Amino acid sequence: MPERLISEAIQPVADSFATGGSVVGEPILPGQFTWRKQVYTVASVLAQWRETGRCSHGSREQYVRKHWYHIRTQEGPLMKLYFIRQPRGKRSIRWFLYTVEDAATDAPKT
């Protein structure tokens with residue numbers, strides 16, 4: 001199934017964050033989040049990576065801008081989420097759903 005571009009904010013479920021085991025400076029992936037009034041549960045993390053960018057003040061240092069997660073949900077869809085390290089302006093939204101891919105089923109087509 002092809003990925004569909006979404007690029008919308010999601011709302012993490014407050015009590016769903018894992019405790020312990022996170023690397024210092026890494027965001028904790030919520031175990032559940034709400035998107036378009038539906039709650040999704042993270043079943044597994046298929047991949048994760050970081051997006052970096054140059055310092056905005058002219059040095060040659062690289063800074064982590066986004067943390068990406070490719071996940072499988074208990075509800076079926078595969079999703080790519082990202083966390084913005086430093087949101088611009090007064091925005092406090094940091095978690096976004098980037099793409100959705102409906103999971104293929106193993107059922108034969110008739």
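The values are calculated or read from the model by the stated rules, or taken from the named source; none is laboratory data. Nothing here was measured: the structure is a model prediction, and the numbers come from that model. FYI the Cβ positions are ideal-geometry reconstructions off the backbone, even for glycines, and counts take in every protein chain you see. These accessible areas exclude ligands, DNA and RNA; they are computed on the full protein's heavy atoms, side chains included. Shrake-Rupley method; radii C 1.70, N 1.55, O 1.52, S 1.80 Å.
Restricting to the stretch 40-52, name every residue that is of a type in the set (Phe, Trp, Tyr) and open to solvent by 40 Å² or more (accessible area, probe 1.4 Å). Outline the logic, then answer.
Of the residues in the stretch 40-52, the ones of a type in the set (Phe, Trp, Tyr) are 40, 49.
TRP49 - this is the single residue of the stretch 40-52 that is of a type in the set (Phe, Trp, Tyr) and open to solvent by 40 Å² or more (accessible area, probe 1.4 Å).
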- Query: Just to be sure, is VAL45 farther than 21 Å from PRO2 by Cβ and either at pLDDT 85 or above or of a type in the set (Lys, Arg) (or both)?
  - Reply: yes
- Only one of these conditions is not met by ALA14: (1) open to solvent by 50 Å² or more (accessible area, probe 1.4 Å); (2) among the hydrophobic types (A, V, I, L, M, F, W, C); (3) touching a strand residue (DSSP E or B) at 6+ places or on another chain (Cβ under 6 Å). Which number is it? (3)
- Matching residues, the stretch 53-98, being open to solvent by 70 Å² or more (accessible area, probe 1.4 Å) and of a type in the set (D, E, K, R): ARG54, ARG60, GLU61, ARG65, ARG72, GLU75, ARG85, ARG88, LYS90, ARG91, ARG94
- Note on the structure: The one condition TYR98 fails out of (1) closer than 17 Å to GLU3 by Cα; (2) modelled with pLDDT under 90; (3) not aliphatic (A, V, I, L, M) is (2)
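Which fully enclosed strands (runs of 3 or more DSSP E) of the stretch 31-106 have 1 or more residues being over 19 Å from PRO12 (Cβ atoms) and without any contact (Cβ under 8 Å) to a residue 12 or more places away in the chain? Before you say what the answer is, go through the steps one by one.
Working: elements: 32-35, 38-54, 62-73, 78-84, 95-101.
Passing ranges, in order: 38-54, 62-73.
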- Residue hits (the stretch 21-38; open to solvent by 70 Å² or more (accessible area, probe 1.4 Å) and among the β-branched types (Val, Ile, Thr)) are VAL23, VAL24
